[in-house]
Amino acid sequence: MTILLSARQVSKQFTGLLAVNQVDVDVAAGSVHGIIGPNGAGKTTFFNLVSGLLPPTSGTLTLDGHEITGAAPYERTRLGVARTFQNIRMFSDMTVVENVMTGMHTRLESSGLAALLRLPAFRREERAAKAKAMELLEFVRLADKAGLRSGDLSYGDQRRLEIARALAGNPRLLLLDEPAAGMNPTETRDLAALLRQVARRDITLLLVEHNMGFVMDLCDRITVLNFGRKIAEGTAREVRDDPAVIEAYLGTKVAERLAKAHGA
Amino acid sequence: MPIWLDDFLFTYETLIHALGVHGLLALSMYCVMAVGQLSLGQAAFMGIGAYTGALLTLNLGLPFWLVLPLSALAPALVALVIGGPTLRLSGVYLAISTIALGEVLRVLYINAEGLTGGALGLSGIPRKADLWLIYLLLLLGVVGFWMVGRSKIGRAMEAMREDEAVASVMGVNLPRYKLGALIVSSMLAGLAGCLTAHSNSFIGPNEFGFEMAVTILSFALLGGIGTPIAPVIGAMILTALPEVLRPLQDFRLVINGLIIVVAVLFLPRGVIPFRLRRAP
Amino acid sequence: MLSQQLVNGLVLGSTYALFALGFTLIFGVLRVINLTYGFYFSVGAFVALTAARELGANIWVALPLGAVAAGLVAVVADWLLLTRLRRAKAGELASLMVTLGAVLALYSLMAVFIGTDIQRFPFGFVDNSALEFGDVRISTVQILIIGTTLVLVALLFVLLQRTKLGLMIRALAENEDAARLMGINVGLTVAAVSFLSGMLGGAAGVLIGLNFNAIQPFMGEHMMLRGFAVIIIGGLGDIRGALIAGVLLGLLEVLTAGYISSNAREAVAFTILVLTLWFRPVGLFGRAQAKRA
Amino acid sequence: QETVTIGAIEILSGPSAAYGTAIKGGLELAMDEINAKGGVLGGKKLALIVEDSAGNKDQAVNAARKLVGRDKVPVVIGPTLSNEMFAVGPVTNGREVVTVGTSTTAKGITEIGPFIFRTSLPESDVVPVTLKTAQEKFGIKKIAMMYANDDAFSKSGFDSMKAAAEELGLEIATIETFGSKDTDFSAQLTKIKGLGVDAITISALVEPISGVVLQARQLGIPSSVRFIGGNGANSPKLGEIAGAAADGLLVGSPWFIAKPDEANRKFVADYKQRNGKDPDQFAAQAYDTMYIVAQAIDRAGAADSDKIRQALYKTDFNGVMGPFTFTEGRDPASNEGVVVLSMKNGRFEILE
Amino acid sequence: MSTLLEVSGLHLGYGRTTAVKGIDLSVPIGGVVCLIGANGAGKTTTMRGLAGLLKPTAGTVRFDGADITGSAAHRVARLGIRQVPEGRQVFAEMTVDENLQLGGLQAPGAAEYARRRDRVLERFPRLRERLSQQAGLLSGGEQQMLAIGRALMGAPRLLLLDEPSMGLAPLFVEEIFRIIADLKREGATILLVEQNAQAALEIADYAYVLESGTITLQGPGAEIAENPQVAAAYLGGH
Ligand SMILES: Nc1ncnc2c1ncn2[C@@H]1O[C@H](COP(=O)(O)OP(=O)(O)OP(=O)(O)O)[C@@H](O)[C@H]1O
Ligand SMILES: Nc1ncnc2c1ncn2[C@@H]1O[C@H](COP(=O)(O)OP(=O)(O)OP(=O)(O)O)[C@@H](O)[C@H]1O
Ligand SMILES: [Mg+2]
Ligand SMILES: [Mg+2]
């Protein structure tokens, strides 16, 4: 089992608050890894550290053996890190398909000069990009909305669009911040199926989610954060039965329900 | 040439020049705004181009085909130097701090009397900016932006305009794009400055200050930045208006202002509110 | 001489701060680069001038009259120019442009009707004798300016930070829809802000016009550039920032002109601006937007 | 053809409109008088098209092109500012249209070309007279010099002053500058106050001069320290704004309102009746210029630019500013008419 | 039980698109009514319309007998209709405490205000810890708590909840439903949009199913929960 992403003693200090506190996480290549924890535990902050939007206060991050701690977001994207956002962040003035094509930024190779001169190579590449974008939209069931202004989509549709946009860059590691928020159970089930397909494409998933059924279903391994610290880690079942996790996060009722639904 | 045509061209020559040059300035503004920056430094870049061009012609007697590119290069160098620190700023902070460039240069022009003629400016600059040249450059600019706009670069620029953090997560190298845009825009402004100097035959230190900066910004604001042609049209409207309204005399500027107000109220995204369709 | 220069700087700085107060209020709070602000400055001065000339009003009548008139003009201007754009969520740039057009029309209109000659308040409108402390001289008007600036800064600060209206104003600046959901009457609150800033601009116009004895339709336009520098150095929307930046700028300009070279004076404001932003990209007291990734 | 149309380019809108408005008043008054007396070229009426430049040199050039290209005027009067003339001059001169500046006092104006004339005395002719008078009358030895360093008019005025001061052997204690739109001069004046000078020279437009004068007295510079102004100070506005603070200010002028001759008294009265206010130097210069141009047209015998140009060289006119002829360089030939005025109770009086 | 909110024939849209096409709906005093539907069905649009943020193009809205169709949002809010908007919409630059103050602007008197604030902070102890933090820097879940707390500060007669459990940790989701139950017991009237339909239908007295802007099904909560189509489409059943 190779480790794709590894965080060592990563911390993030905000004024008056240690949001992530000496966290160690290893994400195995090809796995679906979940991060759960109470509100404000530091999950999104951890994502920001991994994707490079915030610099860690201390600790190191490595991707596939290369240290990326100080790399800019765009460099990490080139290395294969993609993400979605908890508070949806579309390019809302662009159309749906343009959003997806923007996600391909690092993969398109034609230079500005080629675009300027409309070289055949450039045109070929644009056509292929468009086709690929439509394919992705098909995949997240938004193909019929490809030409709409993305800001006009409903909340759930925007979430799916974010996933398509993140996938467009052919990432090796996809960070999903609460992808099922705002979806009803049926939609959530469909999303899970979709993500399983993604995982089958050799994309490693790192996932933050509060919908426990969803997390238990999908994740090979789960890390639990509380007040910025890692309090547990293991398989879905190990975590579910961990008293510290039940106390801090799940509550007995949910834990019982989960146990019932997913076998003891 | 028939006399009436000669008269016509004579009468409107400055205006026709100005329409073209202002079009170039509008493009230079477009270039910065397309990556979500708001700059009031374009007038300053224009001034650098104008003084560089004028001095090269007057003092060294260089041929115009050499003067023109050098006048684009000079502001580009300045853009390169100031780019790093200023591009950390955003929105109005960036805009106002770029006014600083213009104001500091103005003081410099005024005080470096030996070179720049101080408040008296430089006069007697030969008139070498032919109409065809101005409009050819403008055309190249518009077409260039149009072509590049319909590519991943265009998408990246629009992405930056909407949300920088997300654009960076999409893999857009923000500093590079910002600096690139600033440099290209400074070059366009420099060209415009050089062309102005060589068609007006006189330049002075006060022509590239705050007022001009705001005028250039307003080209893009009135036209809109959905497509590269929009700011150019904005520039042409704003340049022609005072002349078209000349018969109104006293009330000329009042009506001019009111037209702008009404235009923006009813077309808040610019006179050409459409955006470039990048994925047909 | 140094003490006199310090007083000069303080007075000049107060005029900058006084002008910047209302400007930073609309600019910072309503998130609008409202270029018509300079016009309110001119309106205040001219209304007070007319009151003094035609009605023989003294300063204590003319000053509030000018301020209130400018406030009303500001309310009307905001209503005509910006409500529509605000409702359409058209963004900062459209507002900037509309106020740019408007200010051109307004100044020109004023110039057509009033003429562009400079005018002054009647001699003896205020007792403008100079008080002497040792070899330092300061006039009554100058004391009035410093005093008014300090009082207004204190009042505004309390208003914005400590009162319900201030809270409502700030809420509205951030998220109009959410403010409505709180039961805030957006139209009325916006009008209140406009009125306030117009009044501040008008009062500044009267006092500064009085101090420099030069009243002219375009007088507000000339203040704008320094106004920009002050509110950016201070941090947008920050009242203390406007005060401190204004005074700082006044002092440095005067000291530069007095001890280095008057040629360099013009560059001072912008050099300070650049230096400030270098170290604090949001100005002295500005706060970075609380936007999370 | 029934009329001869002349063009003028003046600042009629924007912050400096006061200058253009005065000039327009002077031109129109003279034109009406000429027409009432039978016009030019044996009965043709003079007509005047005044275009606005708003003080902007691009607009000034556009206006010039319109006057020349569309209205086909043989003579352009103006533009108002020296800056504008530097842009307009090459255009009209290139098209061989006579251009007569009435208010452009900067150095080098008439060097633009053979079709560029001016009726305003350049500062270099006026200022030495003023300074010399001041030196002789008041024993001035040590001076401070102030000027607005950002506009061509003030700067070139200052250059002339400095040359004259050096010529006269005056001690220049300091040179202080300000921006033409500044309103605060306290720093410079405080510095000057400490230097103990006998006089302060100042070259700028009337607005900042008024401010300087007021603030100087405010700061306690005694009235024994006289101000000596350039062309810009020669305006009744100065007295209106600065009042008693301006008392004692000296300025050289080709004209002054209380000049006792009959022609001038009539001009002042007519102007005041027509425009509702006293004329200033700019109005007077414009008034004379219109006569000078009209007479040149008559002498030329046709509304033809080149002929008018030649006729202008032969100008020999006696107007409200006194006797007037052009030099070969197309500048006013003599500064004999220059009088030195002194401000008293807010009005200029001839310095006795 | 008399009706507090009565909606009939309501049409709402954005520009040329009509997102809600003539819905009828009523909420009784003291009742909890639930609105469920797929993404894009028009639930949020309906909520915005009721709060006065969108002007209806047709139809009427009556609140407590009075016609409030097309009333400005601040009037609606002052009548006691408070909304927890989708996406939270907290005032990001202001502190948590200031956000609460804004919710309680209309509180009659300082004592009442303090009472409400205490209740809210009791319910959400997490907010008490973060009182002086800028709201924009709160975690997603914390912001959701703040949005609910802020609405409660207005002592609403009708509470419009648009996906209140979104982004909340399981413990808190439970807590939210407990709070809804509490509020119901205290006599509050609630219109609830919720993706967690199972839980929502459990406490709802009555429910509506919205599809592409029209109501396709309605009935008592328990009944709707058992409807096989609903179960398949919205509850994750097979
Ligand atoms: N930029 C910031 N400045 C200050 N504090 C911050 C900042 N970003 C996050 N925080 C604080 O850090 C803590 C962790 O936030 P984070 O968003 O990582 O939580 P989370 O685990 O994602 O929670 P949720 O499940 O509610 O989304 C919170 O208490 C939050 O208020
Ligand atoms: N601002 C807008 N402009 C144009 N269309 C919009 C806008 N907001 C929403 N829509 C459209 O209106 C319809 C209803 O959207 P609404 O947000 O009400 O759905 P919803 O039921 O709340 O969905 P979700 O569960 O995803 O939040 C959708 O088709 C959406 O695309
Ligand atoms: Mg989170
Ligand atoms: Mg919704």
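Please give the Cα centre distance for the stretch C:112-164 versus the stretch D:18-96, rounded to the nearest Å. When both Cα centres are located, 44 Å separates them. Summing both sides, the accessible surface hidden between B and C at a 1.4 Å probe radius is close to 3300 Å². The sum of -39500 (n - 2.57) across all DSSP H runs of n ≥ 4, divided by the residue count of the protein assembly as shown, sets its helix-only mean residue ellipticity at 222 nm to -17000 deg cm²/dmol. Entry comment: accessible area of the stretch A:95-168 is 40 Å² per residue, from protein heavy atoms only and a probe of 1.4 Å. For a quick check, take a GNM of chain C with Cα springs below 10 Å and name the residue from C:Leu72, C:Leu49, C:Leu12 with the largest mean-square fluctuation. Result: C:Leu72 has the largest fluctuation of those listed. For the stretch C:42-99, carbon and sulfur atoms together expose 68% of the accessible surface, with a 1.4 angstrom probe and every protein chain in place.
Bridges between two residues of the protein assembly as shown, per DSSP, are antiparallel at a rate of about 50%. Taking every DSSP beta bridge that has both ends in chain D, the antiparallel portion is near 30%.
Quick one: buried accessible area between E and A, total over both chains, 1.4 angstrom probe, nearest 100 Å²?
Numbers: alone 10970 and 12790 Å², together 21530 Å².
The contact between A and E buries close to 2200 Å².
How many Å² of accessible area per residue for the stretch E:1-102, probe 1.4 Å? Don't skip to the end; give the middle numbers.
Values: 3640 Å² over 102 residues.
Per residue, the stretch E:1-102 has an accessible area of 36 Å².
In the context of the full protein assembly, D:Phe324 retains an accessible surface of approximately 20 Å², using a probe radius of 1.4 Å and ignoring ligands and nucleic acids. Between the alpha-carbon centres of the stretch B:171-203 and the stretch B:15-94 there is a gap of 3 Å. Counting only other chain Cβ atoms within 10 Å of each residue's Cβ, the peptide E:129-140 averages 5. Heavy-atom accessible surface of the stretch D:1-159, averaged per residue, reaches 28 Å², computed with a 1.4 Å probe.
Here the Karplus relation 6.51 cos²θ - 1.76 cosθ + 1.60, evaluated at θ = phi - 60°, turns the backbone of the stretch A:248-260 into coupling constants of 7, 10, 7, x, 5, 4, 5, 4, 5, 4, 4, 4, 5 Hz, with x for every Gly and Pro.
The figure for C:Ser108 is an accessible area of roughly 10 square angstrom, using a 1.4 Å probe on the protein chains alone. For the stretch A:95-168, with all protein chains in place and a probe radius of 1.4 Å, 54% of the accessible heavy-atom surface sits on carbon or sulfur. For the residue pairs D:Lys142/D:Lys181; D:Lys155/D:Lys259; E:Lys21/E:Lys55, the C-alpha atoms sit more than 18 angstrom apart in D:Lys142/D:Lys181; D:Lys155/D:Lys259.
Taking the Cα centre of chain B as the origin, how large is its charge dipole in debye, to the nearest 20, when only Lys and Arg (+1) and Asp and Glu (-1) carry charge on their Cβ atoms?
Values: 16 positive and 14 negative charges, 196 e Å.
My answer is approximately 940 debye.
The C-alpha atoms of chain E define a longest principal axis, and helix E:170-185 lies at about 80 degrees to it. Our summary gives chain E a relative contact order of 26 percent, counting only alpha carbon pairs under 8 angstrom and 6 or more residues apart. Burial annotation for the stretch A:128-169: residues with an accessible-area loss of at least 20 Å² between the isolated chain and the complete set of protein chains, computed on heavy atoms with a 1.4 Å probe, are A:Lys130, A:Ser154, A:Tyr155, A:Arg165. Counting only aspartates and glutamates at least 8 places from D:Lys107 when in the same chain, those with an alpha carbon closer than 14 Å to its own are D:Glu84, D:Glu123, D:Asp125, D:Asp151, D:Asp159, D:Asp331. Put simply, chains D and C cover up around 2600 Å² of each other's accessible surface, both sides summed, when a 1.4 Å probe is used. Structural descriptor for the stretch A:95-168: relative contact order 51 percent, calculated from alpha carbon pairs under 8 angstrom and at least 6 residues apart.
Can you send over the carbon and sulfur percentage of the accessible area for chain B, probe radius 1.4 Å, protein chains only? Spell out each step's value before the answer.
Details: 7120 of 9690 Å².
Reported share for carbon and sulfur atoms: 73 percent.
Across A:Glu187, D:Glu336, the residue with the most accessible area heads the list, and the full order at a 1.4 Å probe is D:Glu336, A:Glu187.
Give the whole-number value, in cubic angstrom per residue, of the convex hull volume spanned by the C-alpha atoms of the stretch A:95-168.
80
Which of the aspartates and glutamates could be linked to B:Lys128 by a straight reach, that is with a Cα gap under 17 Å, when you skip same-chain ones fewer than 8 residues away? Result set, ordered by chain and number: B:Glu13. Remark: mean inter-chain Cβ contacts per residue of D:283-296 equal 0, using a 10 Å Cβ-Cβ cutoff to other protein chain atoms. Counting only heavy atoms of the protein chains and using a 1.4 Å probe, E:Arg128 has close to 120 Å² of accessible surface. Shown here for the stretch E:148-238: GluC sites (Glu not before Pro) in loop regions (DSSP other than H, G, I, E, B) with at most 13 other Cβ atoms within 10 Å, namely E:Glu186. Restricting things to alpha carbons, find the Rg to Rh ratio for the protein assembly as shown using the Kirkwood radius for Rh. Ratio value, two decimals: 1.04.
What do you reckon, how do D:Trp255, C:Trp278, C:Trp79 stack up by accessible area (1.4 Å probe), largest on top?
On the way: D:Trp255 10, C:Trp278 130, C:Trp79 165 Å².
My answer, sorted largest first, is C:Trp79, C:Trp278, D:Trp255.
Largest first, what is the accessible-area ranking of E:Ser212, B:Ser185 with a 1.4 Å probe? Please list the in-between numbers first.
On the way: E:Ser212 80, B:Ser185 0 Å².
Greatest to least solvent exposure: E:Ser212, B:Ser185.
Of the beta bridges in chain E, as assigned by DSSP with both residues counted there, near 55 percent are antiparallel. Taking a straight line from the alpha carbon of D:Lys141, these aspartates and glutamates sit under 16 Å away, with near neighbours fewer than eight places off in the same chain left out: D:Glu166, D:Glu167, D:Glu171, D:Asp198. Quick check on my link table: of D:Lys132/D:Lys344; D:Lys266/D:Lys344; A:Lys145/B:Lys178; D:Lys37/D:Lys307; D:Lys72/D:Lys237; D:Lys277/D:Lys307, which ones sit more than 30 Å apart, alpha carbon to alpha carbon? Over 30 Å Cα-Cα: A:Lys145/B:Lys178; D:Lys72/D:Lys237; D:Lys277/D:Lys307.
Using a/c under 1.5 as the rounded threshold, could you call chain E rounded, prolate or oblate? The axes a ≥ b ≥ c are square roots of the C-alpha gyration tensor eigenvalues, and prolate needs a/b larger than b/c, oblate otherwise. List each step's numbers first, then the result.
On the way: a/c = 1.64, a/b = 1.33, b/c = 1.23.
Prolate.
Between the stretch B:216-280 and the stretch A:22-63, the alpha-carbon centres lie 49 Å apart.
The values are calculated or read from the model by the stated rules, or taken from the named source; none is laboratory data. A quick note: this is a predicted structure, and the numbers were derived from the prediction, not measured. Here Cβ is always computed from backbone atoms with ideal geometry, including for glycine, and neighbour counts include all displayed protein chains. With ligands, DNA and RNA removed, areas are computed over all heavy atoms of the protein, side chains included. Shrake-Rupley method; radii C 1.70, N 1.55, O 1.52, S 1.80 Å.
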